Each structure stands twice: as C-alpha cells, then as structure tokens.
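What follows is a short report on a single structure.
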Amino acid sequence: MKEDDIDFRVSRLGECQIPSPLTGVRFVNDGEHVLYHSDLEGVKSLWGEVLAENVPMLGLVKKMGFALEPPEEGVRRVGMVL
C-alpha cells in the first residue's frame, strides 16, 4: 500500500445537530500532516502530548480511555495500550 492510497479526508454530513463540546478547538489544517504507521499490526500503544490548558481535548481523550500522566511544563502525556 502506498501513501497515496490512504485517504484521511472527512466527508461533510451537513449542519451539526448537536452542540460540540470542542467549539473553538484547532484541529490539523489540510496543509499540515498527521503521522501514521503503515502497518497497524505493529502498533502496540498510542501516545501523544496535549497542552495542560486544553481542557476539552483532555476530557475527550479521557472519555476515550486514554491514560493521562501528570502535567510537566504545561504538557500532559496521554496514552493507551492497544
């Protein structure tokens, strides 16, 4: 599978009918890149960093089952063993 074979675009389904708790949160722009592993079978865990002040994102990852480490220098490490 080549990189060009994978499409991460999200289709628009129309106007949102439920207020989002993530209003005002900045996601990745089309010109930016998200890294992904080409063989997901080898992925054993997911880890990332979230700004400690980004309360909506911390709430989302916690709700999704990610572990949250204590903040260090304004950043919290979040992760999940798959």
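Where a number appears in this text, it was derived from the coordinates with a stated rule and is not lab data. Predicted model, so just to flag it, every value in this text is computed and none were measured. Note that each Cβ is placed from the backbone with ideal geometry, even for glycine, and that neighbours are counted across all protein chains shown.
Miscellaneous remarks
- For segment 58-82, the residues whose backbone nitrogen is under 14 Å from a point 7 Å from the Cα of Ser45, taken along Cα to Cβ, are 66-70, 77-82.
- Within segment 53-77: backbone nitrogen closer than 14 Å to the Cys16 label point (7 Å, Cα to C-beta): 56-57, 60
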